[in-house]
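Here is the structure we will look at, set down as structure tokens.
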Amino acid sequence: MPNPSARNPQISKESNQADLIEEGYQYDGHKTWGFVIYRTTYDSNEDWTEFIRRLRWWTTDSMEFYGGLDVLERMAWTVFDDRKQFDSADTAAVRRHFLDWAETAVLSEQQDAESNPPVAMEHAPRYSYGGSPRYRYCIQVDADALKSCVHDAPPPEDYSPANTGWVKVIDKKWITRSENPLFAGKPTNPHYYDHEPVEGNTEEHVGWLKAPLMDVMVGFYHMFRDLNGYGITYRRPPTVCE
């Protein structure tokens, strides 16, 4: 194995997602990582508890495989579950809250990272977002997503390739094509809008995607470190990304 990972010598360092996630937050000078989660359905606390259990199971299982339990200890499990504020909230409402949260959270969460200074971005603002997916994307769990994870999918212990559990991953910076100044005055291919409506949007890109529960906290987090990762991975709902 060329350049084996110290965490798991059977995997190269370039393929070990624990190594790569650690490299990312160290590069930014950050001490925490992990997607923020928004709960927007409140019909069953039992289902929600089981969802969190399954998400933690998959996350821990991945990190055990990569030998990255030390990296998992640095993960921040941030969940917004205020029923009064988020019950039945759509993706637009979640995006607005996340935009506001990220502006200050990057300071409050990372400001005491003196023991973990940036190793390759000395010229950048000390508490910048860097490439951190934590401040660029968030997870939403609505009623459909919760059902897919808890009722449609088998429990993690009974995994099969047909696992159907998924969550929404929202792109913080997304705006509709008609609102984007980059496309002002430019002709548009009508086929770009020739799609079934998703939350009333017929564009190709709708600002969020469906990510499999088993991969979202580790594999997708690593993929979205790349500024092009979201665009490369994106599949229009209702397709679940791979």
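Just so it is clear, none of the values below were taken in a lab; they were calculated from the coordinates. Since the model is a prediction, treat every value here as computed from it, not as a measurement. Virtual Cβ from ideal backbone geometry, glycine too; neighbours counted across all protein chains shown.
Can you tell me how segment 1-57 classifies by the Cα gyration tensor, rounded, prolate or oblate, using a/c under 1.5 as the rounded cut? Cα axes put segment 1-57 in the oblate bin. Distant-in-sequence amide contacts of PHE80, defined by a placed amide H-H separation under 5 Å and a gap of 5 or more residues or a different chain, comprise ILE37, TYR38, ARG39.
Is there a pair in LYS84/LYS147; LYS84/LYS172; LYS31/LYS84 whose C-alpha atoms are over 25 Å apart, and which pairs would that be? If you can, show how the numbers build up before the last one.
Working: LYS84/LYS147 21 Å; LYS84/LYS172 22 Å; LYS31/LYS84 31 Å.
LYS31/LYS84, as the Cα separations exceed 25 Å there.
If you take the alpha carbon atoms of the chain and fit the smallest convex hull around them, that volume is 159 Å³ per residue. Its DSSP H runs of at least 4 residues, each contributing -39,500 (n - 2.57), put the calculated 222 nm mean residue ellipticity of the chain at -9000 deg cm²/dmol, to the nearest 500. Model label points for SER15 and GLU50, set 7 angstrom from Cα along the Cα-to-Cβ axis, are 3.6 nm apart. Projected label points at THR104 and VAL198, each 7 Å from Cα along the beta carbon direction, are separated by 3.2 nanometres. With each label modelled as a point 7 angstrom along the Cα→C-beta vector, the ASP152-ASP43 pair spans 1.3 nm. Peptides 226-237, 141-152, 31-42 ranked from most to least packed give 31-42, 141-152, 226-237, packing being the mean of other C-beta atoms within 10 angstrom over each peptide's residues.
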